[in-house]
């Protein structure tokens, strides 16, 4: 941790979402949460927020508690459109889900789901 400025900058691992993380007793922990918990209790319905806005700051005086924000998980389709087009082409050529799955690298259930959605969309 770099304590040379007003913010104490986390120099450890940062997740792909920009969260400061580390391994504690075999569990991934958020550095800001552990920093806050070291000084005060965190109620289960609260989360640690940053007053300074610096995502990598772990200084207790820059942390505060706020209500837990329940963000709905964004549903993301893991299959790129170009692969879906290839699935349709293969189906139109008579390929079965197993063959399509083998070529595209997706499971048979994913192939089935994609092709069903495409069929429903075409019927509308």
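Is it the case, given these coordinates, that residue 66 is more than 30 Å from residue 17 (Cβ to Cβ) and either outside the structural domain of residue 5 (by TED's automatic domain parsing) or not in a loop (DSSP other than H, G, I, E, B) (or both)? Answer is no for this residue.
Here's a check for you: in region 1-23, which residue that is under 20 Å from the mean Cα position of the chain (by Cα) and assigned to a strand (DSSP E or B) is nearest to residue 64 (Cα to Cα)? Across region 1-23, the extreme among qualifying residues is 20. Would you say residue 35 is touching a helix residue (DSSP H, G or I) at 6+ places or on another chain (Cβ under 8 Å), surrounded by 10 or more Cβ atoms within 10 Å (Cβ to Cβ) and not in a loop (DSSP other than H, G, I, E, B)? Yes. Would you confirm whether or not region 73-92 contains a residue that is modelled with pLDDT under 80, in contact with a strand residue (DSSP E or B) (Cβ under 7 Å, 6 or more places away or on another chain) and either closer than 22 Å to residue 20 by Cα or not assigned by TED's automatic domain parsing to the domain that holds residue 12 (or both)? Checked against the condition, which is being modelled with pLDDT under 80, in contact with a strand residue (DSSP E or B) (Cβ under 7 Å, 6 or more places away or on another chain) and either closer than 22 Å to residue 20 by Cα or not assigned by TED's automatic domain parsing to the domain that holds residue 12 (or both), region 73-92 yields no hits at all. Considering only region 7-22, state which residues are modelled with pLDDT of 85 or more and more than 12 Å from residue 56 (Cα to Cα). Hit for region 7-22 is 22, nothing else. For region 96-112, state whether one or more residues are closer than 30 Å to residue 1 by Cβ, surrounded by fewer than 16 Cβ atoms within 10 Å (Cβ to Cβ) and modelled with pLDDT under 85. For region 96-112, residues closer than 30 Å to residue 1 by Cβ, surrounded by fewer than 16 Cβ atoms within 10 Å (Cβ to Cβ) and modelled with pLDDT under 85: absent.
Looking at this structure, is residue 52 at pLDDT below 90, within 12 Å of residue 8 (Cα to Cα) and in contact with a helix residue (DSSP H, G or I) (Cβ under 8 Å, 6 or more places away or on another chain)?
yes
The values are calculated or read from the model by the stated rules, or taken from the named source; none is laboratory data. As the structure is a prediction and not an experimental result, all values here were calculated from the model. As a convention, Cβ positions derive from the backbone with ideal geometry for all residues, glycine included, and neighbour counts pool all protein chains shown.
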